[in-house]
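Right, one structure below, let's go through it.
No value in this document is a laboratory result; all are computed from the given coordinates. This one's a predicted model, so the numbers in the text were calculated from it and none came from an experiment. As a convention, Cβ positions derive from the backbone with ideal geometry for all residues, glycine included, and neighbour counts pool all protein chains shown.
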């Protein structure tokens, strides 16, 4: 997905190839929009997120949330795709570990 085509709220949210996998993030940090949205959906208020992660301003947290809500459909689809890839990698790791254990047990 080309995140440069999405509404970036005046540059507060950036996407840089090679930085955080090119995922949209708060400028000047490595905090991704996906991470902020995950914290928010888990029940954390924006003020709590900003207080817990001191390298991110409250404005940055709100910008990440505004970016998400302005581009919700596209980002939800991308987040689902990323989650599926992560689950596939976890399954592969478990299968490799299981195969190694079987080799050593025989």
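Under the rule of -39500 (n - 2.57) per DSSP H run of 4 or more residues, summed and divided by the residues of the chain, what mean residue ellipticity at 222 nm is obtained, to the nearest 500 deg cm²/dmol? When only DSSP H runs of four or more count, the value is -19500 deg cm²/dmol.
A simple spin-label model places pseudo-atoms 7 Å from Cα toward Cβ; at residue 30 and residue 52 they are separated by 1.9 nm.
The listed peptides 50-59, 22-31, ordered by packing as a protection proxy, come out as 22-31, 50-59 (highest mean of other Cβ atoms within 10 Å first). Our note on the geometry: Cα centres of segment 19-55 and segment 56-87, 9 Å apart.
The packing ranking of peptides 79-90, 60-71, highest mean first, is 60-71, 79-90, where packing means the average number of other beta carbon atoms within 10 angstrom of each residue. Estimated translational diffusion coefficient (Stokes-Einstein, Kirkwood radius over Cα pairs, 10 °C, 1.306 mPa s) of the chain: 104 µm² per second. Using only alpha carbon pairs under 8 Å that are at least six residues apart, calculate the relative contact order of the chain and give it in whole percent. Computed over the chain, the figure is 22 percent.
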